[in-house]
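A quick write-up on the structure given underneath.
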Amino acid sequence: SPVVVSTGDEAAYTEEDLYWLSRIISAESRGERVICFAHMPLMPPDGQFTLWNNGQIAALLQRYPCVRAFLAGHHHKGGAHRFGSVLHFIFQGMIEGPDNHYAIVEVYPDKLVIRGYGAQRDEILRWL
């Protein structure tokens, strides 16, 4: 099963955060797929709801072929993007609309399956 790395929720990652993330991915990912989770997304590259140093973080993740996905929230309309080999999925905001929104993520050898509830849509995200 994939190694899951939980990353910070600040507006930007510090150099110390990036060093930690790099160390964790390289040390823990031997033969595994890595999925990163964060509150704020990295994509789209020019997005107003992304981490301030999103390009630097995305470039760091690209150095590790084991990193397959970056799952985030914050941008309430949601979305899906691919940057290099990394899938970026942004969950829809739970507070948008009258119903509770959430998702269950199923991890398979060849894909992620997002099972959405409320306004959160279903998605199938295939690894490259």
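What residue, among those in the range 86-95 that are over 15 Å from VAL105 (Cβ atoms) and open to solvent by less than 40 Å² (accessible area, probe 1.4 Å), is modelled with the lowest pLDDT?
Among residues in the range 86-95 that are over 15 Å from VAL105 (Cβ atoms) and open to solvent by less than 40 Å² (accessible area, probe 1.4 Å), the one modelled with the lowest pLDDT is GLY93.
Looking at the range 58-95, which of its residues are of a type in the set (Phe, Trp, Tyr) and closer than 28 Å to ALA119 by Cα?
As a first pass, look at the range 58-95 and keep what is of a type in the set (Phe, Trp, Tyr): 64, 70, 83, 89, 91.
Of everything in the range 58-95, those that are of a type in the set (Phe, Trp, Tyr) and closer than 28 Å to ALA119 by Cα turn out to be PHE70, PHE83, PHE89, PHE91.
Okay, residues lined up against (1) over 24 Å from ILE25 (Cα atoms); (2) small (Gly, Ala, Ser); (3) in contact with a His (Cβ under 9 Å, 6 or more places away or on another chain); (4) loosely packed, with under 13 Cβ neighbours inside 10 Å:
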| residue | (1), (2), (3), (4) |
| --- | --- |
| GLY55 | no, yes, no, no |
| ALA58 | no, yes, yes, no |
| GLN62 | no, no, no, no |
| ARG68 | no, no, no, no |
| ALA80 | no, yes, yes, no |
| HIS101 | yes, no, no, no |
| VAL107 | no, no, no, no |
| ASP122 | yes, no, no, yes |
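Here is a list: TYR64, TYR102, TYR108. Which entry is of a type in the set (Phe, Trp, Tyr) and touching a helix residue (DSSP H, G or I) at 6+ places or on another chain (Cβ under 6 Å)? Reasoning before the result, please.
On the way: TYR102 fails: touching a helix residue (DSSP H, G or I) at 6+ places or on another chain (Cβ under 6 Å); TYR108 fails: touching a helix residue (DSSP H, G or I) at 6+ places or on another chain (Cβ under 6 Å).
When all the criteria are applied, what remains is TYR64.
The values are calculated or read from the model by the stated rules, or taken from the named source; none is laboratory data. This is a predicted model, so every value here is computed, not measured. Reconstructed Cβ throughout: ideal geometry from the backbone, glycine too, with neighbour counts over all protein chains shown. Quick note on the areas: whole protein, heavy atoms, side chains included, nothing else; ligands and nucleic acids left out. Shrake-Rupley method; radii C 1.70, N 1.55, O 1.52, S 1.80 Å.
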